[in-house]
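For reference, the structure discussed in these notes is given below.
Bear in mind these aren't lab numbers, they're just calculated from the coordinates by the rules spelled out. Note that the coordinates shown come from a computational prediction; the quantities given were computed from them, not determined experimentally. Neighbour counts are summed over all protein chains in view; Cβ atoms, including those assigned to glycine, are modelled from backbone coordinates with ideal geometry.
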């Protein structure tokens, strides 16, 4: 079974500062890893995904994440925060079966990102 | 593509009533997931289907919950009878049979049981 731990239920940064949201995973097989963002009263939108092609993954809105197998981590970063980045961020893990099916995504508890002017 | 479509967007019902939530996945996707989101428990996977077949329903909280997928383009999640503690946002998501396993989410159904 897979699991995800997001450190910090709330993270507050100043506009223009570095954003760092932490995610650690557990998986018995090579995983797929994802970051999703959720704005108020909206569904979840995919920010980026790790599929083993490259350890540094770039996503939408200037976000990127680095897969570190030795640390079982997939932290999300953005060099300069913008007010519009304020939202809930979820890290998720999944595995694909050899037959082509896939497990459902297992999500972390989420991190609420607050941007201070 | 219109994305994953859920209906209704909001549902208010009285305790004891039957509630049916509906989902139309993205065309060509063969996996469909039902999630529930609450402040206390976060995002929970209730059940998922591959090729219209239920694979894992271990997340369904009680026998009051049931889900069906009669064809590749439609799924329902039913709660009978509903209880106030079922109040939550219910999301449907679908994913493609190829590539990474990212799920595409609908806008959700906000259920309030009074």
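Computed quantities for the displayed model
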| item | result |
| --- | --- |
| Residues listed by number, the range A:21-38, amide nitrogen under 19 Å from residue A:77 label point at 7 Å toward C-beta | A:21-25, A:33-36 |
| Label zone at residue A:15 (point 7 Å along Cα-to-Cβ), backbone N below 17 Å, the range A:63-88 | A:79-87 |
| Chain B: antiparallel DSSP beta bridges as a percent of all, rounded to 5 | 90 |
| Stokes-Einstein D for the protein assembly as shown, Kirkwood Rh over Cα pairs, 37 °C, 0.692 mPa s (µm²/s) | 180 |
| Cα pair distances exceeding 22 angstrom across chain B, given as percent | 26 |
| Within the range A:22-64, backbone nitrogen closer than 12 Å to the virtual label 7 Å beyond the Cα of residue A:70 toward Cβ | none |
